1. Only one residue in Ile110, Ile64 is within 8 Å of the ligand (Cβ to nearest atom) and either farther than 28 Å from Gly158 by Cβ or without any contact (Cβ under 8 Å) to a residue 60 or more places away in the chain (or both). Which one?
2. Exactly one condition in (1) over 18 Å from Glu118 (Cβ atoms); (2) in a strand (DSSP E or B); (3) within 10 Å of the ligand (Cβ to nearest atom) is not met by Leu69; state its number.
3. Among the residues that make up segment 109-128, is at least one of them surrounded by 17 or more Cβ atoms within 10 Å (Cβ to Cβ), more than 15 Å from the chain's Cα centre (by Cα) and not in a strand (DSSP E or B)?
4. Within segment 1-9, is even one residue under 18 Å from Val133 (Cα atoms), within 11 Å of the ligand (Cβ to nearest atom) and not hydrophobic (A, V, I, L, M, F, W, C)?
5. Is it the case that segment 159-180 has a residue that's surrounded by 15 or more Cβ atoms within 10 Å (Cβ to Cβ), touching an Asp or Glu at 6+ places or on another chain (Cβ under 9 Å) and part of a strand (DSSP E or B)?
6. Scan segment 152-171 and report the pairs whose first residue is over 21 Å from Tyr4 (Cβ atoms) and of a type outside the set (Gly, Ala, Ser) and whose second residue is at pLDDT 95 or above and crowded, with 20+ Cβ neighbours inside 10 Å, with Cβ atoms within less than 6 Å and a gap of 6+ or a chain change.
7. Counting only residues that are modelled with pLDDT of 95 or more and of a type in the set (A, V, I, L, M), which one in segment 3-44 is surrounded by the most Cβ atoms within 10 Å (Cβ to Cβ)?
8. Inside segment 129-160, can you point out the residues that are within 15 Å of the chain's Cα centre (by Cα) and within 30 Å of Phe32 (Cα to Cα)?
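The values are calculated or read from the model by the stated rules, or taken from the named source; none is laboratory data. Since the structure is predicted, the reported quantities are computational estimates derived from the model, not experimental observations. Here the Cβ positions follow ideal geometry from the backbone for every residue, glycine too, while neighbour counts run over all protein chains shown.
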Amino acid sequence: MKDYFKDDEYWRVHIDKKLEDDIWIDEYKKYFSNSGKCLDLGCGIGQYSQKFINYGYDVTSSDISDIALTKVKEFNNNVKKVDMRDKLPFKSNEFDVVFANLSIHYFSDIDTQKLMQEIKRILKRGGIFVGSVNGIQGYTAIKDTAEEIEHHYWLNKGKYVRLFDKKDLMKYLNIFEIIEVDERETVRFEHKKNYFIFICKK
Ligand SMILES: C[S@@+](CC[C@H](N)C(=O)[O-])C[C@H]1O[C@@H](n2cnc3c(N)ncnc32)[C@H](O)[C@@H]1O
């Protein structure tokens, strides 16, 4: 079977499409010191990397996609090709902020737990892990085509997808100090969807 993101199927199709415009990070600015090192995990074409650069961070933009990273290089030379299912290629205690917007919900339970441990390892003590994940309401959009592989983890049209309820999210985040978890609703492709924004501390 094809590996949807590794084979760059996503960005081959989406690279010239309009991106989401509900960029939420400015609402959480109080949590950031505006200097130091920030890792954008699964950065895509870097709409949030750009935000953290503007805040004053030294940003490493990482993704599995060559197509996306080529685009990011137009404004940030500091890019790193990374597969989040592997050990992260960064030193322990390296980052002040690790950021992951809608990019850590494609993995099995084991890989998600390993990723959380890796994020904790590369964060400095007191560092912030911030991001968002899609919520369980998104199931209505895939229910006719998706095959459940694990609890709240599906294979849908060749793409693995995990959808979180609050309990799932807390289970993965509980190795951090959880500061804030906010649930929001939106409409995407005519389907109501919810997502969670989280802020944690090491
Ligand atoms: C929905 S996009 C979000 C992009 C970006 N964070 C944003 O908010 O615009 C998900 C991103 O995760 C990346 N991704 C998916 N699986 C990955 C993996 N195993 N390792 C690294 N990045 C991955 C995709 O290439 C894609 O850029």
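1. Just one listed residue meets the conditions, Ile64.
2. Every condition holds for Leu69 apart from (2).
3. yes
4. The answer is no, given that none of the residues of segment 1-9 is under 18 Å from Val133 (Cα atoms), within 11 Å of the ligand (Cβ to nearest atom) and not hydrophobic (A, V, I, L, M, F, W, C).
5. yes
6. Taking only residues 6 or more apart or on different chains, the pairs are Leu169/Phe196.
7. Across segment 3-44, the extreme among qualifying residues is Leu39.
8. Narrowing segment 129-160 to residues within 15 Å of the chain's Cα centre (by Cα): 129-135, 160.
The answer is Phe129, Val130, Gly131, Ser132, Val133, Asn134, Gly135.
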